[in-house]
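Down below is the structure, laid out as structure tokens.
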Amino acid sequence: MPFTGIVGHRRLLSLLTRAIARGTLPPSLLLAGPRGIGKRMTATAIATTLNCLHPRPAGAFETDACGECQSCRRIARGVHPDVVVLEPEESGAIKIDQVRDVIDRANYRPFEGRRRAVIVDDADALVPQAQNALLKTLEEPPSATVFLLVSSMSDALLPTVRSRCRPLRLGELTSLEVAEILIRDHQYSEAEARAAAAEAGGSVGRALEARGVDIGEAREAAQRLLYQAARVSDPVRRLEAARELVGKISGGGSRERDHLAVRLRVLASLLRDLGLLAANAEALSLANADLRTDLNRLTDVFDGERTTRAFGAVDRALVALERNAGPKVVADWLALQI
Ligand SMILES: [Zn+2]
């Protein structure tokens with residue numbers, strides 16, 4: 001995909017295209033930032049523009065891929081011999097053999113492109129030995145190869161690897177941008193896209209993860225947990241509410257994790273509203289304005305201070321889930337914190 005096809009991140013993309021046009025792109029980049037915002041797409045746009053047969057300026061971009069030549073089309077189909085993608089295997093890790101194979105290839109000139117691009121997606125999944133193997137190559141990069149590391153948890157990379165890459169931080173998208181992508185690439189209607197984007201915290205990945213999850217049901221489960229937390233201090237009862245929050249989901253660990261993540265974000269949204277109510281904000285600014293009466297009943301227990309603390313706990317729970325903690329453990333922990 002050319003840079004013009006990417007939604008958002010305008011300033012960063014202009015800088016990148018300028019560096020490509022002027023031949024000053026560093027040999028290794030680390031594209032960091034939250035999940036589902038276009039990091040890998042940006043890495044692919046770099047690889048595509050570097051190898052496009054007819055690159056040309058486009059809008060604010062000093063150069064961009066044409067999107068139509070043979071090279072652009074092969075990269076889009078994932079069959080270009082000089083654009084190599086490394087990503088986690090079934091086990092969730094990127095093993096040393098995968099890295100060695102790529103390093104061997106990086107020592108040869110590109111087969112047909114101008115610049116070989118190695119995209120390491122979920123670079124934080126590289127096992128430590130694989131990171132060390134890669135490190136040697138990053139220290140003395142072959143001139144015709146560019147390394148593009150992509151990660152939503154870049155602090156999990158070895159500091160030595162991080163220090164060898166120029167960091168590029170991509171931020172969350174606006175909800176308008178998320179909605180735009182959902183309509184363009186994922187067949188959402190405008191109304192569906194707007195509703196999904198409002199709950200997605202600036203990430204298309206999150207919006208897609210929530211697809212098919214009943215938000216009404218999620219709101220009820222989140223509300224029940226808040227009521228239990230407000231009324232009873234008995235840990236057993238709270239853990240029951242936690243179990244309900246996890247729910248019964250078939251389809252294995254990652255599906256269960258996505259499901260809980262959606263519910264936790266709904267819980268975060270209710271807590272944000274409670275914080276606003278505690279600060280006497282206007283009803284209009286509430287994300288869950290329809291639940292105002294129910295939420296008001298919670299405000300004597302969930303005052304500003306407790307709400308802030310609970311919000312922080314939900315945030316930590318989401319990070320733990322993203323790092324593959326078990327959904328039940330996370331929900332139990334949270335139920336005792338809020
Ligand atoms: Zn092209």
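The numbers here are math on the coordinates, done by the rules we state, and not lab data. Predicted model only: the values in this text are computed from it and were never measured. For neighbour counting, all protein chains shown are included, and Cβ atoms are generated from backbone atoms with ideal geometry for every residue, glycine included.
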Counting other C-beta atoms within 10 Å, which of Val84, Val150, Val236 has the fewest, and how do the rest follow?
Val236, Val84, Val150
Under a crude label model (7 Å from the Cα following the beta-carbon direction), how far is Arg211 from Ala287 in nanometres?
2.1 nm
With +1 on each Lys and Arg Cβ and -1 on each Asp and Glu Cβ, and nothing else charged, work out how big the dipole of region 1-125 is about its Cα centre, in Debye to the nearest 20.
560 debye
When only C-alpha pairs under 8 Å and at least 6 residues apart count, what is the relative contact order of the chain, in percent?
15 percent
Computed on Cα atoms, Rg of the chain relative to 2.2 N^0.38 Å comes out at 1.13
Answer in debye to the nearest 20: the dipole magnitude of the chain about its Cα centre, from +1 Lys/Arg and -1 Asp/Glu charges placed on Cβ, is 780 debye
What's the exposure ranking of Ile94, Ile183, Ile46, going from fewest to most Cβ atoms within 10 Å?
Ile183, Ile94, Ile46
Can you work out the PRE-style zone for Ala230? Point 7 Å along Cα to Cβ, and I want the residues of region 294-317 with backbone N under 17 Å.
294-311
Per residue, how big is the convex hull of region 203-338 when only Cα atoms are used? Give it in Å³.
102 Å³
At a 10 Å Cβ-Cβ cut-off, how would you order Ser154, Ser285, fewest neighbours first?
Ser285, Ser154
Anchor Lys328: aspartates and glutamates whose Cα lies under 15 Å away (excluding residues fewer than 8 positions away in-chain):
Glu240, Glu244, Glu256, Asp258
Positive end of the charge dipole of the chain (Lys, Arg +1 and Asp, Glu -1 on Cβ, about the Cα centre): tell me which of Leu50, Ala198, Leu173 has its Cα farthest that way.
Leu50
Dipole magnitude of region 200-301 about its Cα centre, charges +1 at Lys/Arg Cβ and -1 at Asp/Glu Cβ only, in debye to the nearest 20?
240 debye
Helical mean residue ellipticity (222 nm; -39500 (n - 2.57) per DSSP H run of 4+; nearest 500) of the chain:
-16500 deg cm²/dmol
